[in-house]
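Structure, as structure tokens:
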Amino acid sequence: MRVETLRRYLVVHTWTGILSGLLLFVAFYAGGLSMFEPEITRWAQAGPSHADANPDADALVAGFLAGQPTPPRSFQVVFAGEGNPAPFLRYREGGRRDGAEHRVVLDADGGLRSLDDPPGEVGDFVDRIHRKGGLPLPLEYAEPIIGVVALVYALALVSGVIVLLPSLVRDLFALRITRNIKRNWLDLHNLVGITGLPFHIVMALTAAVFGLHDWIYDAQGALVHPEGMRPVIAASAPQRDPVPTDPSAWLPPSRIVAAAREASPGFEPVALEYRGVGTPGAAVHVAGTDDAHFKRSARVGYALMDPASGEVFRRTYLPGYGDSRWARALTSFFALHFGSYGGTPVRILYAVLGLLGAVLFYTGNMLWIESRTRRIRTATGMPEQPLHVRRVAALNVGVCLGSIAGLSMAIVAWRWLDGAGMAGDVLGNAVFFAVLVAAVVRAFRRGAAQAAIGLLGFAALACALVPLTSLVAGVIPHHWAPVVAKPYLPGFVFVDVLFTMIASVLAFLALRARRRPRRGVALPASPVLPPGQASRP
Amino acid sequence: MAAAERPGDPGRRRASSRTLLHQGLAGAVLGFPLSIWLTGLLVHYATGGNDDDAKYQVVMWSVVPMWVLIVSLVFLARSRLSCWAWLIGANFVAAALVQAVR
């Protein structure tokens, strides 16, 4: 390959990388954690308060519909399972997306009872931070931005591989831990980037689609299908017989579940989502698990069924039973992003790959900074960094370590304060952004290298609070802090081990940075270089 | 664009970062409609129309890799002018083909 071509792609790689690196760091870190989203929720929040409710889902739905003159257009039945002792029914006021959420269970004596646990889950909060890349914006504004960032990231992957190709075989497993700081970062960056490349290609392309699909459909409607996308979508939908509009004529949940199991062995329903209730197009989306196949969502796939006849009218999202090669390809795109295949081992793998992805972006930013730091022998022995490089260095350290600390603190605060009676993400966002802003401010005031020592220690401590909370849960009195002192459930071990690992790595880096702040090995732009090293390029 | 890869091509100068930014942005903007037309042709029309309810979604998904491929290639263009010429020309041809098969 021509030198000029390589040089061009190196320039492209450098600038696409530094533009997208910070948002991607937060997205990958939070995304790695979100592989254990339900476990984090169960770890941090009070257990459900309806353990005494009626376990009969059929009676729950019948009782609910009997009490509603006009049933809501959509509602969901969640069956008993891990973290949920008895079935409950969930709907939104007026069937609107932004309507207030209500959850009801059936009492042992047959009456309906509303659950008043505050809605909102910590796991959801972590997932939203992942989807927004840590941007303090509503999801609908942040997602297109992340979509564009994912495109830039895809370009960084292509150009990065092109740049590395000529020296790939020679350099791949070379980890030269030498005094040349830039070489260290480069070797680590290349190793993490090439070994994780398939994962990164998947994430870049799928995240771009998740963020930009509305734009793409609009453009397809304008450029390829002059009649618009709506008729195209409608024409592809399977033809169905009209469904009786009165839900009392429908099959009870137990019959729907039995029919869904029959449609696909290995498919285990966990929830029913009724849509279009009261219209002839009513459907029940049966959400179910099946670890042997790719799934459409993070934990479940769907059988779309006729609620009156129990016939599966659409298998596109039924795990392993996509009607066509198109359906199978489509489901694989989703499943490869969510890691929703193969069960727990794949989830662990995805969590590790996600965290390693964060390492790729951190090391990439470090390379950008080191390349712009002139280690020349000056009167004071200070390495020379232009102002904009000092700013990027401070931003890198502040955002990366601040978001690590902020997420742990938010999760721990939720458990200790029992959500503080706040709805939704209010508490999580308050803690996360307060810690993040404080870390960035500190990094700017003290300089990246100095601030990093303290921030590494702080982030390590914040992550260690998770397993420490689990430890003290066994000894503190229940009446004093009931959520903290709750019993230890099996899934908690994933959360505790994950945060222990992260805390250990951060603590190691903090000690190393403290012991050798002058060598600048783990950190950028150390303030003072000993004589003799200062002249290294 | 592959022609620009010829070794020893004297016409190829050192491109400044500003030129590369220009080419990248041109590729992003003009590569978007081009990728819509190309995937419409290659995936939607070449595989026999709208007969599957997962297909229009797969076509939508295929836009992104096509778009990335186009933007990745624009940096091979010799100059800003040839970059624009290639992109506009390709858009024109792809749009005409979509018009023809529709």
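Please treat every number below as a calculation from the coordinates, not as lab data. Given the structure is predicted, the values throughout are model-derived calculations rather than measurements. Counting neighbours? That spans all protein chains shown, and the Cβs are built from the backbone with ideal geometry, glycine included.
Kindly express, to the nearest 10 degrees and within the range 0 to 90, the angle between helix A:197-223's C-alpha long axis and the longest C-alpha principal axis of chain A. Between the helix axis and the principal axis of chain A, the angle is about 60 degrees. The mean number of partner chain beta-carbon atoms within 10 angstrom of a residue's beta-carbon across peptide A:215-225 is 6.
Each peptide in A:508-514, B:90-96, A:364-370, A:232-238 gets a packing score, the mean of other Cβ atoms within 10 Å over its residues, and the list from highest to lowest is A:364-370, A:508-514, B:90-96, A:232-238. Each of A:SER254, A:SER403 was scored by other Cβ atoms within 10 Å of its Cβ. Arranged with the fewest first, they read A:SER254, A:SER403. To the nearest ten degrees, helix A:57-66 and the longest principal axis of the Cα atoms of chain A are 70 degrees apart. Relative to the Cα centre, the charge distribution of chain B, modelled as +1 at Lys and Arg Cβ and -1 at Asp and Glu Cβ, gives a dipole magnitude of about 700 debye.
Here the simple spin-label model places points 7 Å from the Cα toward Cβ, and for A:SER248 and A:GLU82 these points are separated by 4.0 nm. Ranked by the mean number of other Cβ atoms within 10 Å of their residues, highest first, the peptides A:256-269, A:385-398 come out as A:385-398, A:256-269.
Shielding value for B:68-76 is 5, the average number of Cβ atoms from other chains within 10 Å of each residue's Cβ.
Each semi-axis of the equivalent ellipsoid for the protein assembly as shown is √(5λ) with λ an eigenvalue of the Cα gyration tensor; in descending order they amount to 46, 36, 18 Å. When the scattering of segment A:1-90 is computed by the Debye formula from its Cα atoms alone, each counted once and equally, what is log10 I(q)/I(0) at q = 0.13, 0.18, 0.24 Å⁻¹? Log10 of I(q)/I(0), two decimals: -0.68, -0.93, -1.14.
For helix A:139-164, what angle does its Cα long axis make with the longest principal axis of chain A, in degrees from 0 to 90 and rounded to 10? With rounding to tens, the tilt is 50 degrees. When the trypsin sites (Lys or Arg not before Pro) in segment A:155-213 are filtered for DSSP coil states and for at most 15 other beta-carbon atoms within 10 Å of their beta-carbon, the remaining sites are A:ARG176, A:ARG179. In terms of packing, defined here as the mean over residues of other Cβ atoms within 10 angstrom, the peptides A:135-146, A:70-81 line up highest first as A:70-81, A:135-146.
The alpha-carbon of A:LYS295 sits under 26 angstrom from the alpha-carbons of these lysines, leaving out residues fewer than 8 places away in its chain: A:LYS132, B:LYS55. Our coupling estimate for segment A:107-114, obtained by passing each phi through the Karplus curve with A = 6.51, B = -1.76, C = 1.60 and θ = phi - 60°, is 6, 4, 8, x, x, 7, 10, 7 Hz, Gly and Pro reported as x.
Among the residues of A:157-163, the average count of other protein chain beta-carbon atoms within 10 Å of the residue beta-carbon is 2.
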